[in-house]
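Undergrad: Encoded as structure tokens, here's the structure I'll be asking about.
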Amino acid sequence: MIDRLEKEVDVLNRHLEVFVLVWQAEPIGIVKLSNRTGLPHHKIRYSLRVLEEEDIIEPCPTGAMTTDHAQQFVETLNNELTAVIDTLGGLKISESEEIQSA
């Protein structure tokens, strides 16, 4: 169960890494993103597709560019991540709740 969560966090981290590079170097194409991140092209393509579905980047003839919604995404990202972290912190089992083996 935790393995799946760790994989999802890794994928989210990759999407954010790709987003930041687009934000900093727009327009930027798949080859440059792959070279800068060391990630294979298919993973870059997937991240770009997810970011496009979220309407924070868009394709253009010379690569990917951020949209007008990117600034709002950046402004709210830390608060949203903090809320998720708080939720995950609440999932811990305290020592008094640990299951005793029979």
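Undergrad: Compute the length gained on full extension between GLU8 and ALA25: take 0.36 nm times their separation in residues and subtract their Cα-Cα distance, giving the result in nm to one decimal. Don't skip to the answer; put the middle values down first.
TA: Values: separation 17, 0.36 × 17 = 6.12 nm, distance 2.58 nm.
Here the answer is 3.5 nm.
Undergrad: Along the charge dipole of segment 2-90, which of THR62, GLY38, PRO27 sits closest to the positive end, that is, farthest toward it, with unit charges on the beta carbon of Lys, Arg, Asp and Glu (+1, +1, -1, -1)?
TA: Going by the charge dipole, the pick is GLY38.
Undergrad: Give the angle, between 0 and 90 degrees and rounded to the nearest 10, that separates the Cα long axis of helix 2-25 from the longest principal axis of the Cα atoms of the chain.
TA: Tilt relative to the chain: about 30 degrees.
Undergrad: Counting only helical runs of four or more DSSP H residues, what would the 222 nm mean residue ellipticity of the chain come to if each run contributes -39,500 (n - 2.57) and the total is spread over all its residues? Spell out each step's value before the answer.
TA: Numbers: 4 runs with 65 residues, N = 102.
Theoretical 222 nm ellipticity from helices: -21000 deg cm²/dmol.
Undergrad: Residue by residue through segment 47-53, what is 3J(HN,Hα) from phi via Karplus (6.51 cos²θ - 1.76 cosθ + 1.60, θ = phi - 60°)? Round to whole Hz and write x for glycine and proline.
TA: 4, 4, 5, 5, 5, 5, 4
Readers should treat all values here as calculations from the given coordinates under stated rules, not as data from a laboratory. Treat the numbers as computed from the prediction; the structure is a model and nothing was measured. Quick reminder, even Gly has a Cβ in these numbers, built from the backbone with ideal geometry, and neighbours come from all protein chains shown.
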